[in-house]
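Novice: First the structure, which I've put down as structure tokens, then a few questions once you've had a look.
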């Protein structure tokens with residue numbers, strides 16, 4: 001019985017236009033093309049977001065928060081390449097539940113406008129999606145559930161509607177009571193590079209609209225941890241929001257770095273207990289070169305100014321220069337009070 005987990009989502013806020021996420025748009029004039037080639041991104045620091053090792057998960061929920069433009073599309077595409085059976089989907093035709101190898105089930109909780117007008121997430125109703133109902137059914141009804149959750153654009157945020165404390169943590173307690181566990185994972189990216197990738201990918205960028213467009217995604221990664229993509233309505237954040245996002249990330253066992261994406265994927269596959277097959281199932285979701293624009297020094301500085309919270313969030317997972325990478329302490333999702341609460345419910 002999953003009553004402890006069920007918590008209704010709110011409707012999108014009044015006046016919000018339900019639009020697709022990261023949708024390409026028309027090119028416009030008044031732009032300076034970017035160089036034809038660019039150097040591959042290098043790691044910006046010694047990263048301490050990943051455990052040195054992680055044993056394969058016997059059972060439970062591996063929850064992957066896929067922050068836009070951090071490189072997660074390729075990982076999810078590789079997961080889908082291990083599909084053994086398509087199980088179910090949402091209204092509008094989007095396939096949201098797949099059976100993968102080793103008895104893992106992939107459930108996708110996200111929405112953009114290409115998925116149709118009847119998808120429950122368009123109304124903010126994550127708990128009415130087939131994907132969420134599948135998660136509930138497997139966690140409650142299978143002795144040793146194995147579920148991968150792809151949490152992406154326009155899903156409810158962890159800090160919205162008591163989702164983190166009222167839904168995920170009680171679910172983690174329920175899993176622990178049955179000898180399983182919930183594991184949280186995500187990837188962070190150097191904030192200015194992520195922000196540039198975001199607006200270039202969307203397209204329709206020029207020197208004339210650059211400040212407005214960049215301002216619309218300020219501190220996006222901090223926002224995503226708390227409130228997700230929110231139909232591209234990014235709220236202004238402050239120090240308390242940064243503190244809350246950092247507090248939540250203390251419960252994530254796996255926090256990868258875009259610049260070292262292969263290391264992240266290797267660890268995730270070890271947790272799933274499989275070696276990824278050599279296949280062509282890759283999708284790096286690269287931005288077409290024609291949508292990029294060479295930024296001025298002032299524009300680069302503006303991007304930094306708008307993403308100071310993201311910079312602090314990202315840099316909190318960087319080890320001090322020249323120092324050994326310390327082992328990060330991860331907080332339990334299910335502490336004593338949460339376990340007592342879930343049992344009582």
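The values are calculated or read from the model by the stated rules, or taken from the named source; none is laboratory data. Predicted model, so just to flag it, every value in this text is computed and none were measured. Don't worry about glycine lacking a Cβ; one is built from the backbone with ideal geometry, like all the others, and counts go over all protein chains shown.
Novice: Can you pull out the residues in the range 217-229 that are outside any helix (DSSP H, G or I) and either touching a strand residue (DSSP E or B) at 6+ places or on another chain (Cβ under 8 Å) or at positive phi (or both)?
Specialist: Of the range 217-229, the ones outside any helix (DSSP H, G or I) are 217-219, 228-229.
Those that are outside any helix (DSSP H, G or I) and either touching a strand residue (DSSP E or B) at 6+ places or on another chain (Cβ under 8 Å) or at positive phi (or both): 219, 228.
Novice: Only strands (runs of 3 or more DSSP E) wholly contained in the range 41-103 count here; list those with 1 or more residues that are under 22 Å from residue 183 (Cα atoms) and more than 20 Å from the chain's Cα centre (by Cα).
Specialist: Numbers: elements: 60-65, 83-89, 95-100.
Because the criterion is at least 1 residues that are under 22 Å from residue 183 (Cα atoms) and more than 20 Å from the chain's Cα centre (by Cα), the strands (runs of 3 or more DSSP E) in the range 41-103 that meet it are 83-89, 95-100.
Novice: So which of 271, 171, 214 is in a helix (DSSP H, G or I), over 17 Å from the mean Cα position of the chain (by Cα), touching a residue at least 24 places away in the same chain (Cβ under 8 Å) and within 25 Å of residue 81 (Cα to Cα)?
Specialist: Of 271, 171, 214, the one residue that is in a helix (DSSP H, G or I), over 17 Å from the mean Cα position of the chain (by Cα), touching a residue at least 24 places away in the same chain (Cβ under 8 Å) and within 25 Å of residue 81 (Cα to Cα) is 271.
Novice: All but one of (1) touching a helix residue (DSSP H, G or I) at 6+ places or on another chain (Cβ under 7 Å); (2) under 16 Å from residue 310 (Cβ atoms); (3) surrounded by 21 or more Cβ atoms within 10 Å (Cβ to Cβ); (4) modelled with pLDDT under 95 hold for residue 229, so report the exception by its number.
Specialist: Residue 229 satisfies all of (1) touching a helix residue (DSSP H, G or I) at 6+ places or on another chain (Cβ under 7 Å); (2) under 16 Å from residue 310 (Cβ atoms); (3) surrounded by 21 or more Cβ atoms within 10 Å (Cβ to Cβ); (4) modelled with pLDDT under 95 except (1).
Novice: Name, by its number, the condition in (1) out of contact with any strand residue (DSSP E or B) (no Cβ under 9 Å at 6 or more places or on another chain); (2) modelled with pLDDT under 60; (3) exposed (fewer than 12 other Cβ atoms within 10 Å of the Cβ) that does not hold for residue 21.
Specialist: (3)
Novice: Filter the range 63-101 for residues that are in contact (Cβ under 8 Å) with a residue 40 or more places away in the chain, more than 26 Å from residue 198 (Cα to Cα) and in contact with a helix residue (DSSP H, G or I) (Cβ under 7 Å, 6 or more places away or on another chain) and give the result.
Specialist: Initial filter on the range 63-101 (in contact (Cβ under 8 Å) with a residue 40 or more places away in the chain): 63-82, 87-90, 100-101.
In the following step, the residues that additionally are more than 26 Å from residue 198 (Cα to Cα) were identified as 82, 87-90, 100-101.
Result: 82, 88, 89, 90, 100.
Novice: Which is modelled with pLDDT of 90 or more, in a loop (DSSP other than H, G, I, E, B) and more than 20 Å from residue 57 (Cα to Cα), of 333, 286, 295? Can you show your working first?
Specialist: On the way: 333 fails: more than 20 Å from residue 57 (Cα to Cα); 286 fails: modelled with pLDDT of 90 or more.
Within the list 333, 286, 295, the selection yields 295.
Novice: Step by step: first the residues of the range 134-164, then only those that are in a helix (DSSP H, G or I) and without any contact (Cβ under 8 Å) to a residue 40 or more places away in the chain, then the one that is surrounded by the most Cβ atoms within 10 Å (Cβ to Cβ). Which residue is that?
Specialist: Initial filter on the range 134-164 (in a helix (DSSP H, G or I)): 134-141, 163-164.
Imposing the further condition that a residue be without any contact (Cβ under 8 Å) to a residue 40 or more places away in the chain reduces the set to 137-138, 141.
Working: 137: 14, 138: 17, 141: 10.
The qualifying residue surrounded by the most Cβ atoms within 10 Å (Cβ to Cβ) is 138.
Novice: If you take the residues in the range 242-259 that are in a helix (DSSP H, G or I) and out of contact with any helix residue (DSSP H, G or I) (no Cβ under 8 Å at 6 or more places or on another chain), which one is surrounded by the most Cβ atoms within 10 Å (Cβ to Cβ)?
Specialist: As a first pass, look at the range 242-259 and keep what is in a helix (DSSP H, G or I): 242-249, 258-259.
From the residues that got through so far, the ones that are out of contact with any helix residue (DSSP H, G or I) (no Cβ under 8 Å at 6 or more places or on another chain) too are 243, 247, 259.
On the way: 243: 12, 247: 13, 259: 19.
Filtering first and then ranking leaves 259.
Novice: Can you pull out every residue in the range 119-133 that is within 27 Å of residue 57 (Cβ to Cβ) and either out of contact with any strand residue (DSSP E or B) (no Cβ under 9 Å at 6 or more places or on another chain) or part of a helix (DSSP H, G or I) (or both)?
Specialist: Residues satisfying the conditions are 121, 126, 127, 130, 131, 132, 133.
Novice: Quick one: residue 178 ticks every box in (1) surrounded by fewer than 22 Cβ atoms within 10 Å (Cβ to Cβ); (2) under 26 Å from residue 98 (Cβ atoms); (3) under 19 Å from the mean Cα position of the chain (by Cα) bar one, so which box is it?
Specialist: Of the numbered conditions (1) surrounded by fewer than 22 Cβ atoms within 10 Å (Cβ to Cβ); (2) under 26 Å from residue 98 (Cβ atoms); (3) under 19 Å from the mean Cα position of the chain (by Cα), the odd one out for residue 178 is (3).
Novice: Could you tell me whether the range 111-118 includes any residue that is in contact with a strand residue (DSSP E or B) (Cβ under 7 Å, 6 or more places away or on another chain) and either farther than 22 Å from residue 143 by Cα or in a strand (DSSP E or B) (or both)? Please lay out each step first, then the result.
Specialist: So the first thing to find is which residues in the range 111-118 are in contact with a strand residue (DSSP E or B) (Cβ under 7 Å, 6 or more places away or on another chain), and the list is none.
The answer is no, given that none of the residues of the range 111-118 is in contact with a strand residue (DSSP E or B) (Cβ under 7 Å, 6 or more places away or on another chain) and either farther than 22 Å from residue 143 by Cα or in a strand (DSSP E or B) (or both).
Novice: Okay, moving on. Please go through the range 305-320 and pick out each residue that is in contact (Cβ under 8 Å) with a residue 40 or more places away in the chain and farther than 25 Å from residue 237 by Cα.
Specialist: The answer is 319, and nothing else.
Novice: Further question on the same structure: Out of all the residues in the range 193-208, is one or more touching a strand residue (DSSP E or B) at 6+ places or on another chain (Cβ under 7 Å), at pLDDT 95 or above and buried (at least 22 other Cβ atoms within 10 Å of the Cβ)?
Specialist: No, because not a single residue in the range 193-208 is touching a strand residue (DSSP E or B) at 6+ places or on another chain (Cβ under 7 Å), at pLDDT 95 or above and buried (at least 22 other Cβ atoms within 10 Å of the Cβ).
Novice: Can I ask one more? Inside the range 108-133, can you point out the residues that are surrounded by fewer than 17 Cβ atoms within 10 Å (Cβ to Cβ) and more than 21 Å from residue 171 (Cβ to Cβ)?
Specialist: 113, 114, 116, 117, 118, 123
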